[in-house]
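Read through the structure below, which is laid out as structure tokens, and then see the notes.
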Amino acid sequence: MPVETHASGDVEQSRAFLSRYYYSNFVDVLNWKHRWRSRFDVSPAAAVTVGDLQFGTDVRIRFGELGAYHVNLPVTGSLTWRQGRGAPRQATARTAAVFRPVGETSLERWGGDCRLLAVKIERAALEDQLTRLIDTPVRAPIELAPTIDLTRAPGTSWLRLVRLMAADAAQPQGLLHNPVVGAQLQEALIAGLLSAADHPYRERLERPSPVTAAPGAIRRVVDAMRAQPGRPFTAADLALVAGVSVRSLQESFRRYIGMSPMAYLRQVRLARVHEDLRQADPVLHTVTGIAYRYGFLHMGRFAAEYRAQYGVPPSDTLRR
């Protein structure tokens with residue numbers, strides 16, 4: 001979806017916008033001494049919503065329980081917040097605020113000079129991803145630590161990814177809007193949070209014990225790829241088809257197929273592009289359009305792979 005933008009000096013309009021894309025809320029303005037104007041740029045998606053938010057004046061916002069995992073990363077200024085019965089905490093450009101799905105939540109003081117990146121992750125998306133990564137069902141909210149240190153890896157790396165996604169979302173032709181690449185970026189952001197935040201599953205996540213997938217499970221994955229090569233499969237999607245973790249699927253694919261599942265998917269897509277080029281009318285279609293349909297975005301790299309596979313440039317196939 002394209003970026004949704006809101007700019008207003010009206011409290012009710014700003015509150016309604018945050019309710020639409022994040023959570024129901026109550027807003028108290030703490031500083032009426034100057035004219036203010038909120039600015040919200042939000043890119044909503046199925047699993048992950050990324051927003052670049054600035055209220056423009058000091059406010060207190062009460063949300064109740066969020067029902068989703070959420071991280072606030074101040075770019076400027078600071079944010080004082082509380083969840084559940086915990087003491088108030090402060091988020092800055094060095095420390096992100098991490099919220100769980102449960103527990104009454106409030107932003108005690110969102111400073112007028114505080115611009116932040118707000119990342120909302122659907123509860124099922126995060127818990128399902130962790131389940132696939134560790135091969136163990138996750139049946140309760142993940143007890144993420146309340147803060148992330150953004151001055152050291154992996155927090156620094158995750159912040160860089162969030163910034164990239166926020167900037168890319170503002171571009172009409174950004175990668176986040178591509179159905180194939182956008183799904184992979186969302187998956188990477190979720191996995192990155194699981195790596196950046198402390199939680200009880202960290203050790204198992206870093207030292208998983210993969211279970212080898214049966215040949216029948218690998219066949220199901222191969223059949224799914226061939227049936228829908230243009231579908232924006234991610235590694236997690238394919239692991240779900242196989243019924244194993246992502247790491248198990250990768251090791252099993254290398255054992256039975258000789259390459260990773262995503263490399264195999266790329267070959268399937270390359271073959272489908274070749275077939276479409278052979279049948280397409282060069283007056284009505286372009287190489288770029290057909291390649292983009294299957295998730296090939298870097299035309300130079302795509303052309304090199306195509307030529308290595310078929311011995312001619314893709315444009316030659318289209319003109320035949």
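The values are calculated or read from the model by the stated rules, or taken from the named source; none is laboratory data. All figures in this text were calculated on a predicted structure; none of them were measured in a lab. Positions of Cβ are generated from backbone atoms using ideal geometry, with glycine treated the same way; all protein chains shown enter the neighbour counts. Heads up: the accessible areas ignore ligands, DNA and RNA and are worked out on the full protein's heavy atoms, side chains in. Shrake-Rupley method; radii C 1.70, N 1.55, O 1.52, S 1.80 Å.
Structure data summary
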quantity: Principal axis dimensions, the stretch 191-320 - Cα atoms, whole angstrom, descending; calculated: 57, 33, 22
quantity: Rounded tilt (10° steps) of 11-21 against the dominant C-alpha axis of the chain; calculated: 30 degrees
quantity: Residue-averaged [θ]222 nm for the chain, counting only DSSP H segments that reach four residues, each worth -39500 (n - 2.57); calculated: -13000 deg cm²/dmol
quantity: Order by protection proxy (mean Cβ within 10 Å, highest first), peptides 138-147, 98-107, 24-33; calculated: 98-107, 138-147, 24-33
quantity: Accessible surface, per residue, of the chain when the full set of protein chains is kept, probe 1.4 Å, Å²; calculated: 49 Å²
quantity: Alpha-carbon gyration tensor eigenvalues x 5, square-rooted, for the stretch 68-125, Å; calculated: 19, 14, 8
quantity: Electrostatic dipole magnitude of the stretch 132-288 [Cβ: Lys, Arg +1; Asp, Glu -1; Cα centre; debye, to 20]; calculated: 360 debye
quantity: Modelled FRET efficiency - R0 45 Å, residue 298 with residue 145, Cβ distances, 0.05 increments; calculated: 0.75
quantity: Hydrodynamic radius of the stretch 213-288 per Kirkwood, over alpha carbon pairs, in Å; calculated: 13.2 Å
quantity: Full-stretch length increase - residue 30, residue 124 - with 0.36 nm per residue and alpha-carbon distance subtracted; calculated: 30.3 nm
quantity: Quotient of Cα Rg and 2.2 N^0.38 Å for the stretch 68-218, N being how many residues it contains; calculated: 1.12
quantity: Nearest-ten-degree value, helix 155-169 long axis tilted from longest Cα axis of the chain; calculated: 80 degrees
quantity: Selected from 138, 22, 118, residue furthest toward positive end of dipole (the chain; charges at beta carbon); calculated: 138
quantity: Value in Å of the Kirkwood radius, where the chain supplies the Cα pairs that are averaged; calculated: 21.7 Å
quantity: Average projection area in nm² (convex hull over Cα atoms of the stretch 20-109, one quarter of hull surface); calculated: 6.0 nm²
